[in-house]
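The values are calculated or read from the model by the stated rules, or taken from the named source; none is laboratory data. All of these numbers come straight from a predicted model, not from anything done at the bench. Ideal geometry is used to build each Cβ from the backbone, glycine not excepted, and the neighbour counts take in all protein chains shown. To get the accessible areas, we keep the full protein, side chains included, count just its heavy atoms, and leave off ligands, DNA and RNA. Shrake-Rupley method; radii C 1.70, N 1.55, O 1.52, S 1.80 Å.
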Amino acid sequence: PELGLLAVFSALCGSGIVFVLNQATTEAQDSEFAFGWAMLFVVILLGFRVGQKALIARTSGAIEQALDGWRSRISRKVTELSLRDVEEVSRGRIIDGLARSYEQLSQTIVPLVGGVESAVLLAFTLIYLCTLSIIAGLMMAVIAACLIYSYVSTSHQMKETMKLAGEADAQLARLAEDMVDGFKELKLSAAKRAALHADMDPVSQEVAVQRSRTGEVISQLIAVASSSGYLLAATVVFVLPILSGGGEGINRIVTAVLFLLSPIGGVIGAAQQIVTARFAIESIRGFELAMDKCARGADTQGPDYRSFSSLTLAGVGYRHATQDGEAGFAVTDVTAEFTRGQIIFVTGANGSGKTTALRLLTGLYPIQTGTICIDGQPVASPAPQSF
């Protein structure tokens, strides 16, 4: 309610500015000094600035607090995943889900709040315009509605281009991460460098294509918004006198119509930001749903095994999955027994499965076959990391 009152207050002040300017113009034409109107203009302008600032600041703060709670909840879900889940999701997607999408969403807050304020201001200004000329008010309402509708109707097209561009950007970012992570191997192998370039070049081209398409949609919307002001003014100057049977009071109506340009632009700009905000929200929701599907309770609190005496692996096995879903490298039938205080050396050639076996032993990977027993008692899979 408080934010709504601030929006109404700011819009009333904005409409009051038009009224004061028109009244001052009338008195100036009558050779009267409009000192009182000038003072009232200053007061209303200050009220408009204070109300607008308070509205944007408080709304932004409230939304950022809500986003902080959402981000914290998803962060806890990520920390509950197993290592295998994190590897399957990929580091880049986790970074997007915890940081980048929120950054995009935060950047839309101020334009969206300004759009709400502009919509209220537009309504009040149209009401004032109707007091000057009911025909002019109705005409401007119809034209403004058509302009806003034509702008909003392209939101589906913009959303689609943004989705495709976002997917291409994400793919390019993953390849960039692979380049940095495997930089030593790339320096040692010309064939690997060529393979990386072969993967990156078409993705980079796809990013350029999708970003260009997004730019075309935005440029079309900007052109519509830029020409709308001239259309409104021309309608008042050329059409209204014909419909009303005369040009009396046209100057005051034109002033009010030109003032409409700012709120109409704010509403149209907010419509564009709505598409961006929806895209970011859907991205965050999709990431959270993916985290929910992956959750396996890896950190479920179990018995305290820190004072164990013996640890036994019986036929433990695990098979990695490849990106295409086929079965990959496997470690099978790992059988061993350890006692507290022992120092164990695990040796073997590169790729023999040492790291995978140790991750099974510590519960970082869930065992797929066999059992792990502590002091003769089987532990859950995945095992808790408390020993």
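Surface calculation, 1.4 Å probe, protein heavy atoms: Ile56 sits at approximately 40 Å² accessible.
Estimate the FRET efficiency between Thr355 and Ser75 by the formula 1/(1 + (r/R0)^6), using the beta-carbon distance for r and 41 Å for R0, to the nearest 0.05. Each step should come with its number before you reach the end.
On the way: r = 26 Å, r/R0 = 0.65.
The formula returns an efficiency of 0.95 here.
If the chain linking Glu288 and Glu64 were pulled fully straight, counting 0.36 nm for each residue of separation and taking away their Cα-Cα distance, it would gain 78.8 nm. The heavy atoms of Ser106 offer some 40 square angstrom of accessible surface to a 1.4 angstrom probe. Across the protein chains, with a 1.4 Å probe defining accessible surface, the residues Thr339, Thr125 rank Thr339, Thr125 from largest area downward. Ranking of Thr312, Thr108 by solvent-accessible surface, largest first: Thr312, Thr108 (1.4 Å probe, protein heavy atoms only, all chains present).
Using modelled backbone amide H atoms (1.01 Å from N, in-plane), which distant-in-sequence or interchain residues come within less than 5 Å of Thr369's amide H? Here Gly317 satisfy the definition. Taking the Cα centre of the stretch 72-112 as reference, the dipole from Cβ charges on Lys and Arg (+1) and Asp and Glu (-1) amounts to some 100 debye.
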